[in-house]
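This report refers to the structure that appears directly beneath it.
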Amino acid sequence: MNNLLPIFVAVPLITGFLVMILGKFIRNLHKYFTSISMLLLLILSVYAFINLGDQTLVYVVGGWKPVSNFPIAIYLVLDGFSVILLCIISLIGFIAAFYSISYISRYTAENHYYALFCLMVAGMNGVVLSGDLFNIFVFLELSVMASYALVAFGIGKEELEASFKYQVLGGLASFLILLAVSLIYWKTKTLNIADIREVLKAGYSKTFYIFIQILLLSGFGLKAAIVPFHAWLPDAHSSAPSPISAMLSGVLIKAAGIYVIIRLFFNMFEISEEIAIVITTLGTISMVLGVLLAIGHWDIKRLLAYHSISQMGYVILSLGIGMILISRGKSPGIAALAIGGGLFHLINHAVFKGLLFLNAGSIEYTIGTRNLKEMGGLSAFMPFTSSSSFVASMSISGVPPFNGFFSKLIIIIAAVEAKFYFLGFLAVFASIITLASFLKFQRYAFSNSSRNNKHAGISEVPFPMILSMVLLGFLCIALSVLAFPGIRDLVLGPAINILIHIDAYSSIISGM
Amino acid sequence: MEQSISIILIFMIVGAVYALHAKDLLSAVIACGIVGYGLVICFLLLKAPDLAIVQIVVETITLIIMVAVVLDSTRHELAVQVDTQGIINQIISFILIAGMFYFFYVSIQSLDVFGAHTVRMANAYIEGAAEKTGSANLVTGVIFDFRGYDTLGEAVILYTAALGVMTLLRIQGKK
Amino acid sequence: MEGMSIIVKKVTQLLCGIIFLYGIYIISHGHLTPGGGFAGGAIIAGSFILLILAFGSDALNLKKEVIESSITESIAILIVILIALAGFFFGIKVFFANYLPRGIVGELISAGAIPLYNIFIGLEVASAILTIFLALVIFKEESQT
Amino acid sequence: MTVFLLCFILFLVGLYGVFTRRNLIKIVISLSIMEFSIFLMLILIGYIDNGIAPIVTPGDLNPIYVDPLPQAMVLTAIVIGLATTSMLMAIAIRLYRKYKTFDIREIKSLRG
């Protein structure tokens with residue numbers, strides 16, 4: 001079980017290299033090979049999830065034992081929180097790879113696409129598994145470097161411009177992170193996250209502490225597209241090929257942004273009320289502003305990209321509420337509820353936003369446009385796309401009985417119980433506007449049969465695309481079972497525990 | 001030591017400011033080279049010969065690529081035009097710079113002064129490391145043994161960049 | 001792309017091999033003296049770049065070099081990760097273990113697996129830089145994959 | 001402390017360039033300047049007075065080596081910087097072919 005951890009990084013890397021070597025000689029190998037390897041990763045991560053339970057696995061790369069009780073090698077850590085991210089990455093990765101079999105066949109240089117895809121997955125797995133600050137930076141760079149190339153994969157004008165913007169802001173974020181890492185090394189002389197926490201306990205200057213927190217928050221906030229740093233996201237996510245949009249929106253901003261922010265601010269820094277309020281405010285602004293920016297757009301993928309900002313706002317808001325409650329040291333039950341709601345929404349968002357981007361890709365694949373005004377009456381021709389997109393739209397707008405409803409409900413209940421009535425009201429408000437915006441999407445794209453004749457003769461997309469959309473649509477309904485408290489404790493309990501008992505992470509690792 | 005590095009750093013800052021304001025893109029690229037080669041001298045003074053070798057070669061190759069790109073397109077900097085967006089950007093960046101400088105100045109007061117560094121994690125990399133890894137060059141020992149996993153990631157990043165450059169420079173995107 | 005003048009060509013003929021050999025020296029002594037896989041690989045790539053710039057890509061008849069160098073780099077990086085995984089499967093069951101005998105500090109053949117990593121990382125870096133250079137400077141948009 | 005402040009000024013010059021320049025090549029140059037300053041900062045952090053380069057020579061008695069860990073980190077970061085710069089250059093040259101200009105605002109307006 002413990003030996004499983006390096007495999008999660010090694011398998012996608014080897015797949016990527018083999019695709020590049022063998023893809024030159026064997027036709028069509030790359031398509032199926034990537035899907036099979038992603039399926040293997042999915043099986044492994046589900047296996048890890050089932051067997052992990054409440055424990056925290058630590059793997060020492062190179063086998064170097066700690067010297068006089070502080071770690072010297074790079075540690076890979078798998079706990080209840082990272083295993084959830086690992087499962088999401090492999091799930092969306094498998095479905096996007098399977099969907100690509102048909103979708104990417106219209107592009108040239110397919111083997112490059114699949115190799116870059118595998119490298120991106122390897123980078124995200126590396127970030128999620130790592131317990132070392134500099135190692136997080138390296139694998140973060142790997143995943144975003146692959147995504148820069150994938151965003152511009154179509155090499156049209158829009159793609160190139162979006163990718164340039166993405167690269168400049170991503171590079172800025174990387175340097176802010178590297179500056180913070182160097183300042184932390186200057187102070188603590190170590191790079192291991194748990195060890196940094198131990199050293200920082202011994203005392204620090206207040207300004208230094210706030211400065212590195214601001215640097216890390218803005219660096220990873222740029223990667224996660226929290227509102228003042230969101231400028232790149234609508235361009236990059238809307239111009240990438242659709243399976244990549246699903247990966248970027250569904251997984252990359254979580255693994256590279258939100259996950260690291262949560263990990264560092266819960267498990268590395270002492271939680272202070274000021275920074276918790278800052279995080280909550282940023283989350284609230286993202287939630288409201290993202291949805292307000294989204295309503296005016298007629299390009300489907302751009303609309304979905306703005307909704308990503310808004311939905312990520314929900315996650316950050318609920319985790320911020322959890323942080324505030326933990327820092328005040330009272331009502332841990334509500335803090336657990338808020339954090340659980342945030343994680344539940346994180347999982348849900350990966351599923352329904354991935355599905356919505358795949359739907360948008362199918363529409364683009366058949367009728368060749370992303371403009372809502374030029375669509376209409378598609379439900380008659382594309383039954384699977386329209387029904388799965390209906391499920392996803394209702395799910396993202398929080399209509400029962402789909403999964404989005406329950407996670408939003410939990411977040412709102414937690415906000416109200418923590419006496420943040422205004423935040424609860426804003427969450428409801430954002431949810432209503434989301435519903436309006438997706439009703440527009442449904443109406444203009446799929447119903448509206450008066451303009452039916454324009455698209456006569458189109459047919460449903462090929463089988464791999466249908467199957468991946470149906471799988472995700474099924475998951476949208478199935479994930480609702482997490483609403484029952486018993487099942488939620490079973491699935492999310494270990495993750496909530498590692499976050500809420502703020503010393504648990506560092507004591508497990510340093511206590512080795 | 002501190003004085004000589006400060007003097008080189010002042011030259012590097014002058015080069016950097018010139019690179020940002022040059023009217024000719026070729027001069028800007030060459031001025032960026034000043035910063036890069038100044039860095040090589042600093043590395044040599046600060047007892048980091050490995051980095052000096054890597055940086056001098058990498059800087060040369062980067063410079064060749066950048067000069068080739070500039071010669072291949074245009075050398076002229078854009079005409080300076082003052083507009084609201086530009087002024088807003090200037091103001092924002094000055095506020096940001098002033099704030100960051102103040103924070104940095106205050107926060108480094110509590111940290112070790114130059115030259116008084118102590119080791120914690122790296123202690124194990126130095127004491128008896130030659131026997132542990134068998135490598136006389138401690139930096140090589142660190143990058144290939146203690147932190148070999150980082151190095152794997154780094155090599156893969158360079159590989160990704162090569163792959164990405166080939167992907168971006170295709171003739172046609174779609175069939 | 002055209003080549004440069006006869007003086008440059010002659011000097012390049014003299015220097016190119018020496019630079020190449022120096023790169024190999026840097027790689028093979030990476031665990032003893034300053035340098036290592038990255039520095040040596042970049043120097044080797046630099047010797048090729050010098051040759052190509054001096055003689056011009058037309059005279060050297062470069063056509064398929066991008067594909068070949070990309071295959072070389074894929075194989076090199078694959079070998080690096082396989083060396084890292086070899087410790088996982090055979091030696092002491094640890095990822096990135098230095099499972100070969102250490103030898104005596106200061107000898108050329110010592111330090112276990114480190115020289116192996118140096119060699120293959122050097123190969124990977126050299127071919128990656130060469131690929132980037134060829135794609136970006138020589139072939140521009142003609143580099144069909 | 002002066003060296004650190006000068007080093008940070010170099011970082012801020014790069015930051016200023018990223019925010020205010022409109023030329024694609026100048027933006028790339030600003031990013032490389034930021035990168036260089038962080039490399040230098042890491043090495044300055046790792047320097048120890050009267051230290052020697054971290055290479056073991058038999059016969060040295062009680063040597064003080066400078067910290068090898070920041071050097072390893074910078075070695076990693078230099079290669080990452082090369083990768084970033086080459087990717088940015090590839091996109092910049094490609095954009096120039098499409099729009100015949102390096103002006104980021106003009107590119108935005110042409111895109112519509």
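Every number in this text was worked out from the coordinates using simple rules, so none of it is lab data. All values reported here derive from a predicted model rather than from experimental measurement. Don't worry about glycine lacking a Cβ; one is built from the backbone with ideal geometry, like all the others, and counts go over all protein chains shown.
One table, with the values for the structure above:
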read-out	value
Per-pair calculated FRET efficiency, R0 = 45 Å: A:Ile487 and B:Ser4 via Cβ, rounded to 0.05	0.10
Cα centroid of the stretch A:165-206 to Cα centroid of the stretch C:11-68, whole Å	37
Quarter of the Cα convex hull surface for the stretch D:58-112, i.e. its orientation-mean projected area (nm²)	6.4
Per-pair calculated FRET efficiency, R0 = 60 Å: A:Ala380 and D:Asp49 via Cβ, rounded to 0.05	0.15
Gyration tensor (alpha-carbon) shape descriptor, chain B, a/c threshold 1.5	oblate
Mean-position separation - Cα centroids, the stretch B:59-132 and the stretch D:1-77, in angstrom	9
Ascending count of other beta-carbon atoms within 10 Å, so fewest first, for A:Cys118, C:Cys16	C:Cys16, A:Cys118
Potential lengthening between A:Leu467 and A:Leu439 on full extension [0.36 nm per residue; Cα-Cα distance subtracted]	7.6 nm
For D:Met89, A:Met145, order by how many other beta-carbon atoms lie within 10 Å, fewest first	D:Met89, A:Met145
Gained length - A:Tyr32 relative to A:Phe474, 0.36 nm times residue gap less alpha-carbon distance	156.8 nm
Cα-Cα P(r), the stretch B:1-80, percent of pairs per 5 Å interval	3, 16, 21, 21, 18, 10, 6, 3, 1
Electrostatic dipole magnitude of the protein assembly as shown [Cβ: Lys, Arg +1; Asp, Glu -1; Cα centre; debye, to 20]	2300
Cross-link partners of A:Lys301 among aspartates and glutamates (Cα-Cα below 16 Å; sequence separation of 8 or more within a chain)	A:Glu158, A:Glu159, A:Asp235, A:Glu364, A:Glu374
Anisotropy class of the stretch B:44-101 from Cα gyration tensor, a/c 1.5 cut	oblate
Pairwise label distance in nanometres, A:Val399 with A:Asn51, each label 7 Å out on the Cα-Cβ vector	4.3
For A:Arg488, C:Arg102, A:Arg263, order by how many other beta-carbon atoms lie within 10 Å, fewest first	C:Arg102, A:Arg488, A:Arg263
Spacing of the two label points (7 Å from each Cα toward its C-beta) at B:Tyr102 and C:Ile24, in nm	6.1
Alpha-carbon centroids, the stretch A:232-307 and the stretch B:1-58: separation in whole Å	37
Magnitude of the charge dipole, chain D, Cβ model with Lys/Arg +1 and Asp/Glu -1, debye to 20	1200
Shape call, the stretch C:1-133: gyration tensor on alpha carbons, a/c limit 1.5	oblate
FRET efficiency, A:Leu44 to B:Val82 (Cβ-Cβ, R0 60 Å, nearest 0.05)	0.55
Spin-label model distance (nm) - D:Leu5 vs C:Leu15, 7 Å beyond Cα toward Cβ	4.2
For A:Phe153, net neighbour charge (Lys/Arg +1, Asp/Glu -1) across residues whose Cβ lies under 15 Å away	+1
Qualifying aspartates and glutamates (Cα of each under 17 Å from Cα of D:Lys26; at least 8 residues distant if same chain)	A:Glu161, B:Asp24, B:Glu59, B:Asp72, B:Glu77, D:Glu35, D:Asp103, D:Glu106
Charge dipole (the protein assembly as shown, unit charges on Cβ, about Cα centre) - positive-most of A:Leu409, B:Thr62, A:Ser205	A:Leu409
Net charge dipole size for the stretch A:193-320 [Lys, Arg +1 and Asp, Glu -1 on Cβ; Debye, nearest 20]	160
